[in-house]
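Working notes for the structure below.
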Amino acid sequence: MKTHKKVTYTLDEDTLLHIDITILILFGEGKMISKSAYIKNCLINSFDIFEKEIEEENIEKLSRWSKKYEGTKPMTVTLPFEVVEKLDFYSQVLKMKKSHLVMCSVLLNEEYSK
């Protein structure tokens with residue numbers, strides 16, 4: 001039985017570059033991590049924030065990343081079904097595209113890791 005799903009999100013070039021740089025930095029620290037694992041970790045870390053924003057009805061805070069971006073490129077990752085299903089749920093509740101939530105997760109992960 002499959003436990004993971006291959007999904008493709010379109011992300012802006014700056015976010016893709018940020019992901020590549022972060023993975024290189026982690027590799028330099030001796031941590032081998034794939035793009036899929038990095039995205040999964042970002043999403044899992046962000047789900048609590050998404051839930052808090054829903055409870056506080058403060059969706060505008062997240063919507064700053066929901067604008068349309070020029071110069072987006074597809075990125076395919078393999079994620080566990082649970083993560084994909086939760087992302088689908090938050091996409092519907094927050095009325096945001098999944099790609100925008102992935103970008104939001106990467107940027108939130110960067111903000112909270114400082």
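Being of a type outside the set (Lys, Arg), open to solvent by 40 Å² or more (accessible area, probe 1.4 Å) and more than 11 Å from CYS42 (Cβ to Cβ) is the filter here, so list the residues in segment 72-110 that pass it.
Within segment 72-110, THR72, PRO74, THR76, THR78, PHE81, GLU82, GLU85, ASP88, PHE89, GLN92, VAL93 qualify.
Report, by residue number, each residue of segment 1-13 that is closer than 15 Å to VAL106 by Cα and either in a helix (DSSP H, G or I) or open to solvent by 90 Å² or more (accessible area, probe 1.4 Å) (or both).
GLU13
Filter segment 1-55 for residues that are over 17 Å from TYR90 (Cα atoms) and of a type in the set (Gly, Ala, Ser) and give the result.
GLY28, GLY30, SER34, SER36, ALA37
Which of (1) in contact with a helix residue (DSSP H, G or I) (Cβ under 9 Å, 6 or more places away or on another chain); (2) surrounded by 14 or more Cβ atoms within 10 Å (Cβ to Cβ) is the odd one out, the single condition LEU16 does not satisfy?
(1)
I'd like the residue in segment 22-41 that is assigned to a helix (DSSP H, G or I) and closer than 19 Å to THR3 by Cα and, out of all such residues, is most open to solvent (accessible area, probe 1.4 Å).
The selected residue is LYS35.
Tell me which residues, restricted to segment 54-71, are open to solvent by less than 50 Å² (accessible area, probe 1.4 Å), in a loop (DSSP other than H, G, I, E, B) and modelled with pLDDT of 65 or more.
Correct list: GLY71 only.
The values are calculated or read from the model by the stated rules, or taken from the named source; none is laboratory data. Worth saying up front: this structure is predicted, and the values here are computed from it rather than measured. All Cβ positions, even for glycine, are placed from backbone atoms using ideal geometry, and neighbour counts span all protein chains on display. When the accessible area is computed, the model is the full protein with side chains, heavy atoms only, and any ligands, DNA or RNA have been set aside. Shrake-Rupley method; radii C 1.70, N 1.55, O 1.52, S 1.80 Å.
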